[in-house]
Amino acid sequence: MKRLHILLMALGIPFLSLGQQGTNAAQPQTAQTFTLDQAIQYALENSIRAKNAILDQDLSRAKVKETIGIGLPQISGSASIVDNPTLPRFFTVYSGPGGFFDLSGVPGIQVGDVVAAKNPFQLPSSGTGQLSVNQLIFNGSYLVGLKASNTYKELATRTREQTEQDIIQLVKKAHYSVLINKERTLLFDANINRVDSLLKNTRALNENGFAESIDVDRVKVSLNNLTSERDKFLNLNELGLQLLKFQMNYPQDQPIEVAGNIQDVEVNTNIDSYKDNWNYQNRPDFKVLQVNQRLQELSIKNQYANAVPVISAFANLGYSTQSPNIGGIFTTSGTVKDSGTIGPDSWYGFSQIGLNLSVPLFTGLSRSARIQQEKIKLNQIENSFVVLKNSIDLEITQSSIQFNNSLKTLTAQKENQDLAGNVARVTKIKYQQGVGSSLEVTDAENALRQAQTNYYTALFDAMLAKVDLDKAYGKLLPTTYKNTITNPDKN
């Protein structure tokens, strides 16, 4: 009972929030049964963290497509209609009779005066339709961005792998807790039946004068305590199921059952086999840091690429017309004329093609400062490798020691349980034969139950230690669970 409460606190699950249930008790539903593998698969498909990890992968793929799209032709269209109720004046210097403006009849005008006249080359209203095409030919920063976008996609994949490892760890622990509780429930039933049988025999002996009433009361107290403990344990067992639902993101208001038993769980293993082919890259968190290192290296390359010239091509195609008034724009014949053809109320085409070359010459030393900053960030990541390796080494050492200790404790508690069971059996036989006391029987039963509790506590600790050991060595992601992350583009 205490162990389950501690487990809930360790996993960070609020105790009260999981205890609300049973509002639909009048409407029984068929419980869905899950094996451990099925529970893990369900969690990987339905957990919010898993779903968000998948969305991050989708986001990274969309980011790659966005980056690729920058290098494809950029096409845009525009149309405009402009009306100038008052056209701007055309300014020039009067050059005298015979010039562009003959103002000889204007009094007071002299050669060299600045004159303003209506623009003879523009009508008040105009319309334009244009299609623009731009094509990037060379951009060093764009090429680096393509590599970075694919690396970013790999980062999302590695992050998803790390998330799924954490989900598997939590689901396994919650699943094992339910299995242990199932076994202990059966043990409670067996103990109650045994003590109840002892109570009936003691009553019979008392009725025949071979036992005192205090012996009956003593056994009755033991039975009552055992029944009360069983009821409390069943409530905590239900809480363990709620915890499993929470880790799986299974509906809290729907019943669930767990298939299998603790005998199916392989606890004893050879730690030396874990050291074979061990590599830090077996750990998802180490892979995530490696991808971040490559991204930072590409970020440095991008700063250098910003100093490389950028070449692009462009083309502008369109038609335009003018009219003495805004209404004339909409009443033109729509006939397209060649540039050398003169015709009223028509649209005339224009075109423009060219190349752009942009060469950064001096940026005030800001690019040099940005490169220095990016290199410092890379040094920080390299330092993080040292910290992560030390952390992994410590985790492996701790989990290995904890696992070995838990196996030793489990072996000792298993022997204690067997011994306590034998003592209880012999004590009961002696009591039935009249050579033992009921107090000895009660003490033996209590010792047996304590030994059983200690054994299952040790077994649960060993199961959790095995999970932590698998995580430390990066073995929590079997091949059957990696099919969704090794081929992310298929999702």
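The values are calculated or read from the model by the stated rules, or taken from the named source; none is laboratory data. Predicted, not measured: the structure shown is a model, and the values here were computed from it. Here Cβ is always computed from backbone atoms with ideal geometry, including for glycine, and neighbour counts include all displayed protein chains. Remember, those area values only see protein heavy atoms, side chains included, never the ligands or the DNA or RNA. Shrake-Rupley method; radii C 1.70, N 1.55, O 1.52, S 1.80 Å.
List of remarks:
- Computed helical MRE - 222 nm, the chain, DSSP H runs ≥ 4 contributing -39500 (n - 2.57), nearest 500: -20500 deg cm²/dmol
- Packing order of peptides 304-311, 113-120, highest average first: 304-311, 113-120 (average count of other Cβ atoms within 10 Å over each peptide's residues).
- Taking amide H as placed 1.01 Å from N in the peptide plane, the amide H of G96 sits under 5 Å from that of G112, each at least 5 places away or on another chain.
- Solvent-accessible area per residue in the range 99-255 equals 49 Å², computed with a 1.4 angstrom probe and all protein chains kept.
- Computed over protein heavy atoms with a 1.4 Å probe, the carbon and sulfur contribution to the accessible area of the chain reaches 54%.
- Computed over the range 152-252, the convex hull of the alpha-carbon atoms projects to a mean area of 7.8 nm².
- In the range 70-194 the Cα-Cα distances spread across 10 Å bins starting at 0 as 9, 13, 11, 11, 11, 10, 8, 7, 6, 5, 4, 3, 2, 0 percent of all pairs.
- Cα gyration tensor shape of the range 245-323, rounded if a/c is under 1.5, else prolate or oblate by comparing a/b with b/c: oblate
- Taking the charge dipole of the chain about its Cα centre, with +1 at Lys and Arg Cβ atoms and -1 at Asp and Glu Cβ atoms, the residue from Q254, N446, Q110 reaching farthest to the positive side is Q110.
- From the coordinates shown, Rg/Rh (Cα atoms, Kirkwood Rh) corresponds to which of (i) 1.03; (ii) 1.33; (iii) 0.98: (ii)
- Pairwise Cα separations in the range 341-469 fall into 10 Å bins from 0 onward with the following percentages, short to long: 10, 15, 13, 11, 10, 8, 8, 7, 6, 5, 4, 2, 1, 0.
- Relative contact order of the chain: 22 percent, from C-alpha pairs under 8 Å at least 6 residues apart in sequence.
- Neighbourhood net charge (14 Å Cβ-Cβ; Lys/Arg +1, Asp/Glu -1) for N46: +1
- Loop-resident chymotrypsin sites (Phe, Trp or Tyr not before Pro) (DSSP state other than H, G, I, E or B) in the range 101-180 with no more than 15 further Cβ atoms inside 10 Å of their Cβ: F121.
- Dipole in debye (nearest 20) - the chain, about Cα centre, beta carbon charges: Lys, Arg +1; Asp, Glu -1: 620
- Close amide H pairs (under 5 Å, H built 1.01 Å from N) link A259 with F34, T35, residues at least 5 positions away or on another chain.
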